Amino acid sequence: MIDMWINWGEGFLLLFSINEHESFEHLERKYNRILEKKGVACPILLVGNQQDSINERKVQFDEAKKLADS
């Protein structure tokens with residue numbers, strides 16, 4: 001199913017929860033799958049969700065920025 005969405009997509013939003021590190025860890029696999037299926041560069045946004053739970057943060061800003069920059 002995800003391959004179909006990737007084939008049809010022209011841009012992608014990769015969303016993770018800042019208070020759940022596991023959701024962040026899955027992004028690299030999804031990102032690589034998009035690159036593999038598309039074969040060309042396309043717009044991809046990385047978005048940290050649950051900003052209202054900042055006190056429960058598990059994914060640090062610098063960690064997310066490093067992934068976004070790569």
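Among the numbered conditions (1) exposed (fewer than 12 other Cβ atoms within 10 Å of the Cβ); (2) in contact (Cβ under 8 Å) with a residue 24 or more places away in the chain, the only one that Ile34 does not meet is (1). For region 20-31, the set of residues classified as surrounded by 10 or more Cβ atoms within 10 Å (Cβ to Cβ), part of a helix (DSSP H, G or I) and within 10 Å of the chain's Cα centre (by Cα) consists of Ser23, Phe24, Glu25, Leu27, Glu28, Lys30, Tyr31, listed by residue number.
Restricting the search to region 37-54, which residues are of a type in the set (A, V, I, L, M, F, W, C), closer than 16 Å to Ala68 by Cβ and touching a residue at least 24 places away in the same chain (Cβ under 8 Å)? Show your work before the answer.
Let us first name the residues in region 37-54 that are of a type in the set (A, V, I, L, M, F, W, C), namely 40-42, 44-47, 54.
Okay, now just the ones that are also closer than 16 Å to Ala68 by Cβ, so 41-42, 44-47.
Correct list: Cys42, Ile44, Leu45, Leu46, Val47.
I want to confirm something. Restricting to region 1-19 and keeping residues that are buried (at least 16 other Cβ atoms within 10 Å of the Cβ) and closer than 21 Å to Glu63 by Cα, which single residue is farthest from the chain's Cα centre (by Cα)? Result: Asn19.
For region 58-70, give me each residue that is open to solvent by 90 Å² or more (accessible area, probe 1.4 Å) and either modelled with pLDDT under 85 or assigned to a helix (DSSP H, G or I) (or both).
Filtering region 58-70 for residues open to solvent by 90 Å² or more (accessible area, probe 1.4 Å) gives 58, 60-62, 65-66, 69-70.
Listed by number, the residues that qualify are Gln60, Phe61, Asp62, Lys65, Lys66, Asp69, Ser70.
Filtered by the rule that a residue be out of contact with any Lys or Arg (no Cβ under 9 Å at 6 or more places or on another chain), over 18 Å from Lys65 (Cβ atoms) and in contact (Cβ under 8 Å) with a residue 12 or more places away in the chain, region 11-29 gives a lone residue, Gly11. One residue stands out in region 43-57 among those that are surrounded by 14 or more Cβ atoms within 10 Å (Cβ to Cβ) and in contact with a strand residue (DSSP E or B) (Cβ under 8 Å, 6 or more places away or on another chain): the one that is modelled with the lowest pLDDT, namely Gln50.
The values are calculated or read from the model by the stated rules, or taken from the named source; none is laboratory data. Source: prediction; values computed, not measured. Glycine also receives a Cβ, built like all others from the backbone with ideal geometry; neighbour counts cover every protein chain displayed. To get the accessible areas, we keep the full protein, side chains included, count just its heavy atoms, and leave off ligands, DNA and RNA. Shrake-Rupley method; radii C 1.70, N 1.55, O 1.52, S 1.80 Å.
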